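Data block below; observations after.
No value in this document is a laboratory result; all are computed from the given coordinates. Note that the coordinates shown come from a computational prediction; the quantities given were computed from them, not determined experimentally. For neighbour counting, all protein chains shown are included, and Cβ atoms are generated from backbone atoms with ideal geometry for every residue, glycine included.
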Amino acid sequence: MTPANHQDPTRAVHAPELRAAARNLGRRRFLTVTGAAAALAFSVNLPSAGTASAAELDAARLTADPFTLGVASGDPQPDSVLLWTRLAPLPYQADGGLPAQRVEVDWEVALDERFRRVVRRGRATAHPEFQHTVHVEVGHLAPGHVYHYRFRAGRYVSPAGRTRTAPARAGRAADLTFGLVSCQRYDQGYYTAYRHLAREDVDFVLHLGDYLYEYAVNATGGSRAYPAGTLPAHFNHETVTLEDYRLRYALYKSDPDLRAAHAAHPFVVTWDDHETENNYAGETPENDVPPEEFLIRRAAAYRAYWENMPLRRPQLPDGPDLKLYRRLHWGRLAQFDVLDTRQYRSNQAYGDGWQFPGPESEDPKRTLTGDAQERWLINGWHRSDALWNVVPQQVTFSRRYNSTSTPSKVSMDSWDGYPASRERVLAGAQAAGIENLMVLTGDVHVSYGFDIKRDFDDPDSRTLGTEIVTTSITSGGNGSEKPSNWNTLMTANPHLKFFNGLRGYATVSLDRRSARADFKTVSHVTGEGAPLTTAGSFVTEAGEPGLKPA
Ligand code: FE
Ligand code: CA
């Protein structure tokens, strides 16, 4: 097929007139045009291996380094890892500085960081339809091994990445350590936390959402305070179109600390709201936009997410749908049920925000996961042979009152706004007989450690598990160790064992006896080079859930 008659599904959201209309969301006329546009935007033509969807650019003709956005790996399995890169000599340009032609990229995987003992190599195609991103699923690897990988295009060699496979499925893996991150709004600070995390000895990093934010980024990079004019003007509007989202990922991945963390560790990612739009719920956007319009935007956001994350083929989006919930195993030590609490949720009750609970939020029909994901989660627990049943997800699971008077308001965007959904999940965990439940959360830009109570209104009820909430990497700016509502929250929620409002990340270590969580913080994010502090450390024993100071 020639480029001229190639039906690039991205054109539907590239078209200048749609783009101009989308920019001005105040005029809601956008997308009365969209019958045809939707059909195009929702069709994904993944070129099959070996077939040409556009002319080929000989990699030997590249005249500038295309590996400006680094490398990444993800979703480790016992015999395979997913390797990622993107070719973009000019990453702040919509076309990345490449023509709409495919490029062949070589990759290799070695046992050593000097690539003397290469165990696997091959060739992959960077398709212009996927913004010249490369996703390689490398199989036939040994379980529980560290590997080094890199790409080559023409005379250019990518930075080397380090990754690892999961231990054998039936094996008695002895221990595991992973990092937890979320909420990395670029224009609210430097990624110093990532610089520290890149040096940690973790097996992988879990990203719990808000990898990017849709909000405008000005020419000084917001509170990064670059010299005026450092960033192009096109970042200075909210992301709406596919081109907007793609460019925004390029901006984020241009950060050297984020690239260092990706190169150092495999990532297991899930999204929250801002990869698409603040507080959207399923097909319902934040603002008063009809669902059919919003789904065009969602399709663009989901596609750019898959392109730019180290995700496997089963997560390839189909228009406005992307199956992100999935299960990973670390031998029989841990099962990870990665959730998506955005795509299938009922709309927030009482108009969202902090509200008193009532009949609307307590409607048993409301769901945060959708029925299919809920069944999948609970069925997976029934079949689980893991000692630790870990649930990486987005929004705060444990009850959080923001006042000591009764009744108290709760956040309608979190599980508190979907109590029937939470009750079904807790009842399911209990019925499945899982002993060691650990929920992992982002979103709120503070660190929390919770005991998960069978009945949060009864402090004497059984503790079913623990929830570790990781703070933001940057979102919200510097923050403070003791936010102004610290005393209120600690008093109103006796199951809340730790609360810290600085930025950073968390690490969790599991073994056969216990789990340990360390909350790590940086003193500030508005300047570079802040030191790292361990602000709190807790353990929970296998078979005896509940956080205790380590
Ligand atoms: Fe956030
Ligand atoms: Ca969020």
Aspartates and glutamates within cross-link reach of Lys520: Cα-Cα under 12 Å, excluding same-chain residues under 8 positions apart?
Glu200, Glu481
Can you sort His329, His265, His237 by how many other beta carbons sit within 10 Å, fewest first?
His237, His329, His265
Beyond 29 Å, what percent of the Cα pairs of the chain remain?
52 percent
Calculate one ³J(HN,Hα) per residue across the stretch 327-342 by plugging θ = phi - 60° into the Karplus curve 6.51 cos²θ - 1.76 cosθ + 1.60, and present them in order as whole Hz with x for glycine and proline.
10, 10, 10, 10, x, 9, 6, 8, 10, 10, 9, 7, 9, 10, 9, 10
Relative contact order in percent for the chain (Cα pairs under 8 Å, 6+ apart) equals 14 percent
Would you work out which of His127, Thr230, Phe456 lies farthest towards the positive end of the dipole of the chain? Charges go on Cβ: Lys and Arg +1, Asp and Glu -1.
His127
Among Trp107, Trp354, Trp271, rank each residue by its count of other Cβ atoms within 10 Å, from fewest to most, as a rough exposure measure.
Trp354, Trp107, Trp271
Please work out the Cα convex hull volume for the stretch 116-211 and give it in Å³ per residue.
178 Å³
Most positive-pole-ward Cα, Ala300, Leu69, Gln355, against dipole of the chain from beta carbon charges
Leu69
Hz values of 3J(HN,Hα) by residue in the stretch 441-455 - Karplus curve (6.51, -1.76, 1.60), Gly and Pro given as x:
9, x, 6, 9, 6, 9, 8, 10, x, 10, 8, 8, 8, 4, 10
Dipole of the stretch 51-162, Cα-centred, from +1 at each Lys and Arg C-beta and -1 at each Asp and Glu C-beta, to the nearest 20 debye?
400 debye
Exposure proxy check: Val444, Val157 ranked by fewest other beta carbons within 10 Å?
Val157, Val444
So, with +1 on the Cβ of K and R and -1 on the Cβ of D and E, and no other charges, what is the size of the charge dipole of the chain about its Cα centre, to the nearest 20 debye?
1240 debye
Using the structure shown, list the pairs from Lys365/Lys497; Lys409/Lys482; Lys253/Lys323; Lys482/Lys548; Lys323/Lys548 with a Cα-Cα distance above 28 Å, or answer none.
Lys365/Lys497; Lys323/Lys548
For Cα pairs less than 8 Å apart in space and 6+ apart in sequence, what is the mean separation divided by the residue count of the stretch 51-162, i.e. the relative contact order in percent?
32 percent
Could you derive backbone 3J(HN,Hα) for the stretch 89-95 from the dihedral phi with the Karplus parameters 6.51, -1.76 and 1.60 (θ = phi - 60°), listing whole Hz in sequence and x where the residue is Gly or Pro?
x, 10, x, 8, 9, 4, 8
Part-to-part distance (alpha-carbon centres) for the stretch 417-447 and the stretch 164-184, which is given in Å
20 Å
